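Could you have a look at this structure, given as structure tokens, before my questions?
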């Protein structure tokens, strides 16, 4: 802890009663005479210094070396005072502490004493912790602070990281909810949203962790990163010792699940009149991802694709397809409509059809039941799945 004492020179200004020693040996030293003034605090002009070279007298008192009137210098004459990097750093550190103090406390009238705590002494001064943490962050020492925290207290660092992740996921959940309720029909928005929040897939489908391999992959090109004839939204993979590719196709919550005549869903004409027609958008999306899966299954066996993926223990065996489309709110007409849609998707082996509101519920379950979900993901199988859908 560095202690300072000031004496007023005016209502707004003061001077340190003792000079700050920058460099000292047996006979000479360099010191700073420091003046403080908070009249211009709003623009940060609060600290002024005079750098003085002193020598020691026989009675061990220090006196200033006789100054030179710079106005008396002739052409070609000059005065030079060298400071090495250590002394320059000393001046910088002292000024940093004084600026921080004046910015916070200002200049107090009369004779005052105050202390400025060094960064490594924060732990002993609870009331000043926040000030110094904020100062360290303001001076771009955030990464050093974080690395030191990881080194000295990894458990706390982990808790802070998880808290930050949880906060970000809660924000993403709100964005998801707003755009779901507004029926956002911008497919590019949803592609970007899921790219930035792939954790939503992570706790999902059949309890397999899914990780993004490539956004907008080419299923029929030279490689899954190359150009080709068939585009998909995501090429993902399950996460285990061996990985298997999964294809994901994303539409929008506004995409219709049923076929309509004007405002009403269309029915198949039959005596019972309880069979409902699915929309061409849904059927087209199913066909699209089925073709993509088949094409990728063949094309992935090409030598370059195989080499690229198998380097990461990723394999393609009858790739699973996932289709994110529509909103079950559309189905709340009558029991026969719900039954017709659910019967169709339960009997569709590939792709798995999931609506946006169901994906939202998965994301909500992760955010609001994080600890519970993590335990279940590790221990559960498909047969004892008890997620709420």
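The values are calculated or read from the model by the stated rules, or taken from the named source; none is laboratory data. From a predicted model like this one, the values you see are computed outputs, not experimental measurements. Positions of Cβ are generated from backbone atoms using ideal geometry, with glycine treated the same way; all protein chains shown enter the neighbour counts.
Please go through region 322-336 and pick out each residue that is surrounded by fewer than 19 Cβ atoms within 10 Å (Cβ to Cβ) and at pLDDT 85 or above.
328, 329
Separate question: Looking at (1) within 22 Å of residue 109 (Cβ to Cβ); (2) modelled with pLDDT of 85 or more, which is the one condition that is false for residue 42?
(2)
While we're looking at this one, here's another question. I need the full set of residues from region 55-113 which are free of Cβ contacts under 8 Å to residues at least 60 places away in the same chain, closer than 18 Å to residue 20 by Cβ, touching a strand residue (DSSP E or B) at 6+ places or on another chain (Cβ under 6 Å) and assigned to a loop (DSSP other than H, G, I, E, B), in order please.
Listed by number, the list holds a single entry, 65.
So, residue 227, is that one at pLDDT below 85 and part of a loop (DSSP other than H, G, I, E, B) or not?
It is true that residue 227 is at pLDDT below 85 and part of a loop (DSSP other than H, G, I, E, B).
Do we find a residue being over 30 Å from the mean Cα position of the chain (by Cα), modelled with pLDDT of 60 or more, part of a strand (DSSP E or B) and surrounded by 21 or more Cβ atoms within 10 Å (Cβ to Cβ) anywhere in region 273-289?
Yes, region 273-289 has at least one match.
Could you please find all residues in region 1-38 being assigned to a strand (DSSP E or B) and within 17 Å of residue 104 (Cα to Cα)?
Once the filter is applied, which keeps residues that are assigned to a strand (DSSP E or B) and within 17 Å of residue 104 (Cα to Cα), region 1-38 yields 2, 3, 4, 5, 6, 13, 14, 35, 36, 37.
Mind counting the residues in region 349-372 that are at pLDDT below 90 and either in a loop (DSSP other than H, G, I, E, B) or not assigned by TED's automatic domain parsing to the domain that holds residue 287 (or both)?
Selection size over region 349-372: 4.
Look through 44, 48 and report the one residue that is out of contact with any helix residue (DSSP H, G or I) (no Cβ under 9 Å at 6 or more places or on another chain) and over 19 Å from residue 113 (Cβ atoms).
On inspection, the qualifying residue turns out to be 48.
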